[in-house]
Amino acid sequence: MKHPSRVLFAIVWLALVAPPVFSQDDVEGVADVPYFTRMPHFHTYGGFVKDFDAYQLTDGKKLFNVEGKVYQTTYRQNEAVSSTASQVQIRRNFLAALKRIGASIVFDGPFVDFPDTRSDVHIVTAKLKKGNAEVWFEVWPNENEYTITVIEVQAMKQDISATDMLDALN
């Protein structure tokens, strides 16, 4: 070989430059939800964590609120993937993972009465109860993306007191 250093430089350059071309990065500041790994070839696309909130779920008959710490992440399939994951594939993967951790499947199907974009979309709602801990899960698969919501049931921490006002009134 006449110029081995040029070949080595080209290989190193490709190793450093090519991955960003062929993969997609997670959205900055958006973390994976707890309890699950993500589907292969997916990246975070959006999400949030709230220390306390109410989240609306369904059991297939009615809507109900669950309160606690809420994690929600939407994952989108990388564009450079040769085959796409179907809604059925995503849903069944999560159903199996939920059953493996001992969660009970509360609902698995479309529900038309959601007051938002989840209406008439196939939703999985599950509940995990271990000792005093209770965790709810919602998996919402779409074509080439899915959203997972995890609610760790807990009481709200009271941050405000009215003791100064009460003392002033007395």
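Things to note:
- Cleavage-rule hits (trypsin sites (Lys or Arg not before Pro)) in segment 30-101: DSSP loop, at most 13 neighbouring Cβ within 10 angstrom: Lys61, Lys62
- Each Lys or Arg adds one and each Asp or Glu subtracts one; over the other residues with Cβ under 10 Å from the Cβ of Gln154, this totals -2.
- Once the Cα atoms are used to define both axes, helix 87-100 deviates from the longest principal axis of the chain by about 60 degrees.
- Rounded Å value of the spacing that divides the Cα centres of segment 59-129 and segment 133-170: 20
- Helix axis angle, 4-22 relative to the chain longest principal axis, alpha carbon, degrees: 30
- All other residues whose Cβ lies under 14 angstrom from that of Val49 are scored, Lys and Arg at +1 and Asp and Glu at -1, for a net of -2.
- Relative to the current alpha-carbon distance between Glu152 and Thr117, full extension at 0.36 nm per residue lengthens the span by 10.3 nm.
- The mean sequence separation of alpha-carbon pairs under 8 Å and at least six residues apart, normalised by the residue count of the chain, gives a relative contact order of 20 percent.
- Estimated from helical segments only, the mean residue ellipticity of the chain at 222 nm is -7500 deg cm²/dmol, where each DSSP H run of four or more residues counts as -39500 (n - 2.57).
- Surrounding net charge for Asp32, when Lys and Arg each add one and Asp and Glu each subtract one, Cβ distance under 13 Å: 0
- The portion of the accessible surface of segment 19-170 made up by carbon and sulfur, rounded to a whole percent, is 51 (1.4 Å probe; DNA, RNA and ligands excluded).
The values are calculated or read from the model by the stated rules, or taken from the named source; none is laboratory data. A quick note: this is a predicted structure, and the numbers were derived from the prediction, not measured. As a convention, Cβ positions derive from the backbone with ideal geometry for all residues, glycine included, and neighbour counts pool all protein chains shown. Just so you know, the surface numbers come from the protein's heavy atoms only, side chains and all, with ligands and any DNA or RNA stripped out. Shrake-Rupley method; radii C 1.70, N 1.55, O 1.52, S 1.80 Å.
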